[in-house]
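What follows is a short report on a single structure.
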Amino acid sequence: MDMKFWKKALGVTSVVLASSLVLAACSSQSSSKKSSGKEEVVFATVGTTAPFSYEDNGELTGYDIEVAKAVFKDSDKYKVTFKKTEWASIFTGIDSGKYQMAGNNISYTKERANKYLFSYPIGSTPSVLVVPNDSKITSYDDIGGHSTQVVQGTTTAAQLEKYNQEHSNDTVDINYTNENITQMLTNLNDGKYDFKIFDAPTVNTVIKNQQLTNLKTIDLKSDDQPYIYFIFGDDQKDLQTYVNKRLKTLQENGTLSKLAEQYLGGDYTPSADDLKLPTSH
């Protein structure tokens, strides 16, 4: 009787103790959330796309990051936390609710607009064609029959896939990669590929920082809005409204222009009239 009794008593005590610990943990979690009084916004970014999102001495910085910090500075409602991840994981993470918001030189596409909410534009990023100094490519019309690297799911990848559909007799050799833009431009500088299409602020920064002296840029004409945006999960309307209100203030008080000059090397910012949600044309 004694052994059975004590085994049973100990078993009950263990269950009660375990339950108490779980309840204590839950209550401490909820109270810590309440004590801060702010909703956490997990902001996804790649962190290797200078000058928009990159690490400097182990700290995330760059234009997109600093604009986001300015947006949430002194907010009574939100607290932002930055998380580094791969490009494709930004979108799957927002889909699953792991992230509420993202920024990483993200442009507008109809496909993205069907799934995500967009902010007002935070910057302007005109594209350039990057080629070796001795290249015979002088314009976009010359890229057929030449090779490039792209990351799958980017606007450049979609642009070149469409180009190949329309020029089936003289296609671009598209090489898909997960390498970052610094690596891709270094490969181009080393003669491994023939051209790269990317935004001017990033290209100019990488060429300068990496001393890629074998490369030159060619301006591209485009009918598309060359803007970049923050994106949100489709259930984040309140967050979208808050961010857009703050972006309006940051444009008016000159903060966006100051950050663009510092990180993009020029005033690549939207005008007051351009502060509106993107639409397809």
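Quick look at the values:
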item: Any hit, segment 169-177, residues being in the same structural domain as Ser257 (by TED's automatic domain parsing), among the hydrophobic types (A, V, I, L, M, F, W, C) and assigned to a strand (DSSP E or B); result: no
item: Filter result for Tyr193 (in contact with a helix residue (DSSP H, G or I) (Cβ under 7 Å, 6 or more places away or on another chain), in a loop (DSSP other than H, G, I, E, B), of a type in the set (Phe, Trp, Tyr) and more than 20 Å from Tyr54 (Cβ to Cβ)); result: yes
item: The lone exception for Lys248 - which of (1) within 21 Å of Gln100 (Cα to Cα); (2) modelled with pLDDT under 95; (3) not hydrophobic (A, V, I, L, M, F, W, C) it fails; result: (2)
item: Residue in segment 92-129 that is surrounded by the fewest Cβ atoms within 10 Å (Cβ to Cβ), counting only those that are touching a Pro at 6+ places or on another chain (Cβ under 8 Å) and aliphatic (A, V, I, L, M); result: Ala113
item: Criterion: touching a Lys or Arg at 6+ places or on another chain (Cβ under 7 Å) and more than 21 Å from Gly266 (Cβ to Cβ) - qualifying residue of Thr148, Thr186, Thr138; result: Thr148
item: Residue check, Lys248 surrounded by fewer than 20 Cβ atoms within 10 Å (Cβ to Cβ), touching a residue at least 40 places away in the same chain (Cβ under 8 Å) and out of contact with any strand residue (DSSP E or B) (no Cβ under 8 Å at 6 or more places or on another chain); result: yes
item: Residues (among the charged types (D, E, K, R) and either more than 16 Å from the chain's Cα centre (by Cα) or in a strand (DSSP E or B) (or both)) located in segment 114-150; result: Asp134, Lys136, Asp141, Asp142
item: Single match in Ile174, Ile181, Ile207 (criterion: at pLDDT 95 or above and of a type in the set (A, V, I, L, M, F, W, C)); result: Ile174
item: Selection within segment 138-179 - surrounded by 13 or more Cβ atoms within 10 Å (Cβ to Cβ), under 23 Å from Lys110 (Cα atoms) and among the charged types (D, E, K, R); result: Glu161
item: Total residues in segment 227-267, condition touching an Asp or Glu at 6+ places or on another chain (Cβ under 9 Å) and outside any helix (DSSP H, G or I); result: 5
item: Candidate set from segment 58-75 (those that are at pLDDT 95 or above and part of a loop (DSSP other than H, G, I, E, B)); member that is nearest to the chain's Cα centre (by Cα); result: Gly62
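The values are calculated or read from the model by the stated rules, or taken from the named source; none is laboratory data. This is a predicted model, so every value here is computed, not measured. FYI the Cβ positions are ideal-geometry reconstructions off the backbone, even for glycines, and counts take in every protein chain you see.
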